[in-house]
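**Q** Structure incoming, see below.
None of the figures in this text is laboratory data; all of them are computed from the coordinates on show. Please read these numbers as outputs of a predicted model, since none were measured by experiment. Every residue, glycine as well, gets a Cβ built from its backbone with ideal geometry; the counts of neighbours run over all protein chains shown.
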Amino acid sequence: MEDFKVLATVNGKEITDKHVDSLLHSLGPQRSAQFNSIEGRKQLLNELISQELFYLEAKEKDMDKEEGFKRELEHTKENLLKQYAIRSALNQAEISEKEVSDYYEQNKERFKNEESVKASHILVDTEDTANEILENIKAGLEFEEAAKVNSKCPSKENGGDLGYFTKGRMVAEFEKAAFKMEKGELSSPVRTQFGYHIIKVIDKKPENIMKFEEVKDDLTQQIIAMKQNEIYNKKSEELKNKYDVKINE
């Protein structure tokens with residue numbers, strides 16, 4: 001059994017660090033980060049103490065016997081039972097690894113990675129400037145340094161690095177040049193609507209199909225979700241035929 005630190009006692013009931021942790025996690029990522037400090041946790045402890053005090057007074061006043069509480073309790077029970085029944089139905093969705101593997105084999109086109117290029121570039125206004133920079137690079141100037149000093153593209157902060165891109169992501173002239181080049185190759189100035197580019201191809205990835213192991217987990221979840229959707233719809237139709245349902249137009 002886990003040992004929890006008792007932080008406070010209210011009328012004999014212990015409030016532990018586990019209770020504070022539970023309240024913290026219930027707040028969601030943004031608010032939990034806000035309260036995840038010594039001072040924040042103290043505030044949450046005070047909140048739990050206040051809740052317990054309100055509970056004690058409610059019990060003392062027999063508020064649980066009031067009609068308003070009974071209605072709220074019944075409404076809460078109804079919603080909980082709905083969700084429980086839905087979860088029970090959806091939990092029937094089972095899947096074998098063979099089913100996942102078969103689906104992968106039959107739908108391999110869905111897992112295709114397009115051909116991509118990783119490139120850096122230097123963008124300047126004139127062809128003469130581009131040629132001058134190109135000569136300096138060929139003479140030994142590092143491409144990244146040349147980009148930082150000369151390029152007017154924001155990518156200059158990263159030495160001109162544009163990362164990986166597939167066809168259709170860049171302007172036509174730039175794309176045509178980049179995809180024709182070999183890994184490590186440096187281009188002559190390429191004119192586009194933005195100016196003149198010196199392109200350096202860093203890497204190239206051919207079109208490929210992702211391996212089963214790469215997609216297995218995500219694919220399993222997708223297929224389970226599809227099965228659960230089928231179960232939900234089928235059960236809903238079944239219950240519509242079992243119980244009286246009238247939809248007013």
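**Q** Tell me, what is the FRET efficiency for residue 75 and residue 194 to the nearest 0.05, using R0 = 41 angstrom and their Cβ-Cβ distance as r? Mind showing how you got there, number by number?
**A** On the way: r = 61 Å, r/R0 = 1.49.
Once the sixth-power term is evaluated, E becomes 0.10.
**Q** Order by neighbour count: 199, 15, 95, fewest other Cβ atoms within 10 Å first, most last.
**A** Working: 199 23, 15 18, 95 15.
Least crowded to most crowded, the residues run 95, 15, 199.
**Q** Give me 170, 226, 181 sorted ascending by neighbouring Cβ count inside 10 Å, so fewest comes first.
**A** By the 10 Å Cβ count, ascending, the order reads 226, 181, 170.
**Q** Would you mind ranking 171, 215 so that the residue whose beta carbon has the fewest other beta carbons within 10 Å leads the list?
**A** 171, 215
**Q** Can you give the percent of C-alpha pairs in segment 166-249 whose distance is more than 20 Å?
**A** 64
**Q** Using helices alone, I'd like the mean residue ellipticity at 222 nm for the chain: each DSSP H run of four-plus residues gives -39500 (n - 2.57), total over residue count, nearest 500.
**A** It lands at -17500 deg cm²/dmol.
**Q** Note the listed values [x] 1.22; [y] 1.53; [z] 0.96, then indicate which one is Rg/Rh (Cα atoms, Kirkwood Rh) calculated from this particular structure.
**A** It is the one labelled [x].
**Q** With a Förster radius of 51 Å, plug the Cβ-Cβ distance of residue 240 and residue 34 into 1/(1 + (r/R0)^6) and report the FRET value to the nearest 0.05.
**A** 0.65
**Q** Note down the magnitude of the dipole of the chain about its Cα centre, charges +1 on Lys and Arg C-beta and -1 on Asp and Glu C-beta and zero elsewhere, to the nearest 20 debye.
**A** That gives the chain a dipole magnitude of about 420 debye.
**Q** Any idea what angle helix 38-60 forms with the longest principal axis of the chain, computed on alpha-carbon atoms, 0 to 90 degrees, nearest 10?
**A** 30
**Q** Okay, next question. Mind pulling up the Rg/Rh value for segment 6-65? Radius of gyration and Kirkwood radius, both on Cα. Mind dumping the intermediate values first?
**A** Details: Rg = 13.0 Å, Rh = 12.4 Å.
Ratio of gyration radius to Kirkwood radius: 1.06.
**Q** Next question. Greater than 20 Å separation of Cα atoms is the criterion. Which listed pairs, 138/176; 176/205; 70/240, meet it?
**A** 138/176; 70/240
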